[in-house]
Amino acid sequence: MKLLIQRVSAARVEVEGEVVGSIDQGLLALVGIEPHDDQASVGRALHKLLGYRVFSDEAGKMNLSLKDIGGGLLLVSQFTLAADTRSGMRPSFSSAAPPSQGAALFDMLVERARSEHGLVATGRFGANMQVHLVNDGPVTFLLDL
C-alpha cells in the first residue's frame, strides 16, 4: 500500500460538481492499494496515518500527529499511485490491486479510521474526482508500506 499524505489547512473532494468529502486542518491521504495488500496492510496504514508526526508543536517542530491535534482525515482512493513507472513513457497499472480487492480494502481502511478517529471524510471509490486542497507548508510525504 502506498499513501501520499499532505498536511492541509483545508481539503475537499468533488464528484460531478458535488462535494462528497471535506475537512479543515488535517491530512489528505491518497491511497494506492497493491495486490499483496491485506488486513495487516490496512492496520499499518491506519497506524501511520493517525500517528505520523507532521504537525508543528509550540516550538515549530514536527512533533504532533493527527490524533494529537484532533484534525480531519480525508481518504481518497488513487490506483495510479500503484502504477509501475520504471520503464517507457506510459504507466502500467498491472501493479495495482484489482478493483474488487481495492474497494474492499479501502472500505476497511475507512471503517477502521472512523472507528478509531471519527473525523474522517472520503472521496468516492472509482469515481472521477476533483481534489481541492490547501497544502500547509507545503508538507507532503510518500509512505510505502
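Listing for the model above:
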| item | result |
| --- | --- |
| Summed side-chain charge close to E34 - residues other than E34 whose Cβ falls under 14 Å, Lys, Arg +1, Asp, Glu -1 | -2 |
| Sorted by Cβ density within 10 Å, fewest first, the residues K48, K61 | K61, K48 |
| Net charge dipole size for the range 84-124 [Lys, Arg +1 and Asp, Glu -1 on Cβ; Debye, nearest 20] | 160 debye |
| Karplus-derived HN-Hα couplings along the range 30-43 (A = 6.51, B = -1.76, C = 1.60, θ = phi - 60°), whole Hz, x at Gly and Pro | 8, 10, x, 9, 10, x, 7, 6, 8, 4, 5, 4, 4, x |
| Selection from M129, G21, G102, by position along the positive dipole direction of the range 2-144 (Cβ) | G102 |
| Environment charge at V131 (Cβ cut-off 12 Å; Lys +1, Arg +1, Asp -1, Glu -1) | +1 |
| Contour minus Cα-Cα distance for N135 and A59 (0.36 nm per residue) | 25.3 nm |
| Helix-only CD estimate at 222 nm, as mean residue ellipticity for the chain, using -39500 (n - 2.57) per DSSP H run (n ≥ 4) | -7500 deg cm²/dmol |
| 15 Å beta-carbon shell around D24, net charge (K/R +1, D/E -1) | +1 |
| Order of L64, L27 - criterion: other Cβ atoms within 10 Å of each residue's Cβ, fewest first | L64, L27 |
| Label-point separation, K67 to M89 (7 Å along Cα→Cβ), nm | 4.8 nm |
| Of the GluC sites (Glu not before Pro) in the range 1-35, those whose Cβ has at most 14 other Cβ within 10 Å and which sit in DSSP loop | E16 |
| Cα-based reach from K2 at 24 Å (exclusive), listing lysines while leaving out same-chain residues under 8 positions away | K48, K67 |
| The range 1-57 and the range 79-145: distance between their alpha carbon centers, rounded to Å | 7 Å |
| Length-normalised contact order of the chain in % [C-alpha pairs under 8 Å, at least 6 apart] | 39 percent |
| Size of charge dipole - the range 1-106 - debye, nearest 20, with Cβ of Lys, Arg +1 and Asp, Glu -1, no other charges | 360 debye |
| The range 1-111 - share of DSSP beta bridges that are antiparallel (%, nearest 5) | 70 percent |
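Quick note: the coordinates plus some simple rules give every number you see, no bench work behind them. Quick caveat: nothing in here was measured; it's all calculated off a predicted structure. Note: ideal-geometry Cβ built from the backbone for every residue, glycine included; neighbour counts use all protein chains shown.
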